[in-house]
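Working notes, beginning with the structure itself.
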Amino acid sequence: MEYLTIHAGASYPVIIGEKALSEISQTVRELKPAVTSVLLLIDEKVYQLHQQTIKQHIQYDSLFILPQGEKAKTFSVYEQAMGEALEAGLDRHSLIIACGGGATGDLAGFTAATYMRGIRYIQVPTTILAHDSAVGGKTAINHPLGKNMTGAFHQPSAVIYDSLFLKTLPLREIRSGFAEVIKHALIADPEFLEELLTGVSSLEKLEPSFLQYALKKGIQIKGEIVSRDEREQNIRAFLNFGHTYGHAVEAWSGFGEKLHGECVMIGMIYASLLSIEKTGLDFPIEQFIKWVKSLGYEISINAPFEELHHLMKKDKKNLNRNIRFVLLKAVGQPELVNIESSELEYIHQLLKRKEEIQ
Ligand code: NAD
Ligand code: ZN
């Protein structure tokens, strides 16, 4: 078992490993002021697959099963979750437990952030991607006009990350989540990147102990950045490496068609090529592309540049209509740079040509 502490808002523990869930009761008992009642919000699929384990370890007074994945992040489900909390009589000292992937965590976190102007919640992430979303306190639901456009910063009281859940995760979800692990290495830690490059030759056969190590590293990196900039005034934006082009790819494909991490990987290759042009990043991009392809990632998208460009202009990082990119000066040294449209188009074409690399 691994224990970390995140210093954002009040400090909170992250417990990672097989059997982490056996520590949840004690974690809840130790919260001050004492918890009066618990509402468990859980992803439908996770409940189906892991009901026994949940019942064995999580003590709750009321339960609301959320629609699977992204379908939970709607105004309608938010209203239902609020209704459940009210009917169950949650008060200011009650607790919400979020058990599921990033979508569950975002919906449950937003419910906790807004119920009676804010009650506590604990994240029990069940996907690899959620090593990223469970830490840092960003919560949100989607609006028909934009993803994550209604939200709040609200840090959890604890994160209990039991690797048992990951055993039922489909390969595509593993691949999607692992892209964010690679992102954490690229923006913060050249040695960790090297360990990934040499240690991971297949996502089907990820060694559980190595996966646990990689998730811990990813959480540490994210936690460190968030503790220095909780509300994204400056360096927290570095966590968006790969996300400017990546989000455009995700929106263009129709949310859910391509998974978030699959799009972020395309965005990271794009941002690396742009970095090589703009900041002089010295990086063996062709070797990196070969590696990610061998892990089953796609590295480009067959979309017209104008349409992606239009989508990139809506990015939350932009200021004064300039498109701002997180680039790398070196692995582990990100920076924010404004980019002209003509340069963006050039890299878009260059990326398509890299598709030929085997
Ligand atoms: P998700 O929550 O949609 O889960 C993906 C799918 O996996 C769902 O169908 C779910 O039912 C299923 N699933 C979950 N756990 C499982 C398990 N153990 N076994 C089998 N199936 C399981 O997706 P995600 O990739 O975890 O998270 C994506 C969401 O996270 C997006 O909404 C994104 O906006 C959000 N996000 C938030 C932050 C943040 O800082 N708040 C950061 C990154 C992403
Ligand atoms: Zn992401």
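Each reported figure results from applying straightforward, stated rules to the coordinates on display, with no laboratory input. Note that the coordinates shown come from a computational prediction; the quantities given were computed from them, not determined experimentally. Glycine also receives a Cβ, built like all others from the backbone with ideal geometry; neighbour counts cover every protein chain displayed.
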What is the angle, in °, between the Cα long axis of helix 285-294 and the longest principal axis of the Cα atoms in the chain? Nearest 10 is fine, range 0 to 90. 50
Shape call for region 25-101 from the C-alpha gyration tensor, a ≥ b ≥ c root eigenvalues: rounded (a/c under 1.5), prolate (a/b greater than b/c) or oblate? oblate
At R0 = 30 Å the Cβ-Cβ FRET efficiency linking residue 333 and residue 198, nearest 0.05, sits at 0.90
Mind giving me the nanometre distance, one decimal, between the label points for residue 315 and residue 294, set 7 Å out from Cα along Cα→Cβ? 3.0
Just the Kirkwood number for the chain, please: inverse of mean 1/r across all distinct Cα pairs, in Å, one decimal. 20.7
Using a Gaussian network model of the chain with C-alpha springs under 10 Å, which one of 216, 32, 73 is most mobile by mean-square fluctuation? 32
Given 86, 131, 104, which one lies farthest toward the positive end of the charge dipole of region 22-145, if we put +1 on the Cβ of every Lys and Arg and -1 on the Cβ of every Asp and Glu? 131
Relative exposure of 149, 268, judged by other C-beta atoms within 10 Å (fewest first): 149, 268
Pairs 45/290; 183/278; 329/352: which are spaced more than 27 Å apart, C-alpha to C-alpha? 45/290
Cα gyration tensor category, rounded, prolate or oblate, for region 2-168 with a/c compared to 1.5: rounded
Residue 191 to residue 253: extension gain in nm, 0.36 nm per residue of separation minus the Cα-Cα distance? 18.9 nm
Sum -39500 (n - 2.57) across every DSSP H segment of at least 4 residues in the chain, then divide by the residue count to get the 222 nm mean residue ellipticity, nearest 500. -14000 deg cm²/dmol
Indicate the gyration tensor shape class of region 261-345 (rounded, prolate or oblate), computed on the Cα atoms with a ≥ b ≥ c the square roots of the eigenvalues: a/c under 1.5 is rounded; otherwise a/b larger than b/c is prolate and the rest oblate. oblate
Diffusion coefficient in µm²/s returned for region 242-307 by Stokes-Einstein, Kirkwood Rh over C-alpha pairs, 20 °C and 1.002 mPa s, is 175
Footprinting proxy, 46, 331: sorted fewest to most Cβ within 10 Å, the residues are 331, 46
Counting DSSP beta bridges with both ends in the chain, the antiparallel % (nearest 5): 45
Mean-square fluctuation maximum in Gaussian network of the chain, Cα pairs under 10 Å, restricted to 222, 278, 183, hits 278
If you rank 30, 70 by fewest surrounding Cβ atoms within 10 Å, what's the result? 30, 70
Stretch residue 341-residue 358 to full length: gain in nm at 0.36 nm per residue minus the Cα-Cα span? 3.2 nm
Choose one answer from 139, 168, 74: the residue with the largest mean-square fluctuation in a GNM of the chain with alpha-carbon springs under 10 Å. 168
Once you compute Rg and the Kirkwood Rh from C-alpha atoms, what is the Rg to Rh ratio for region 171-357? 0.94
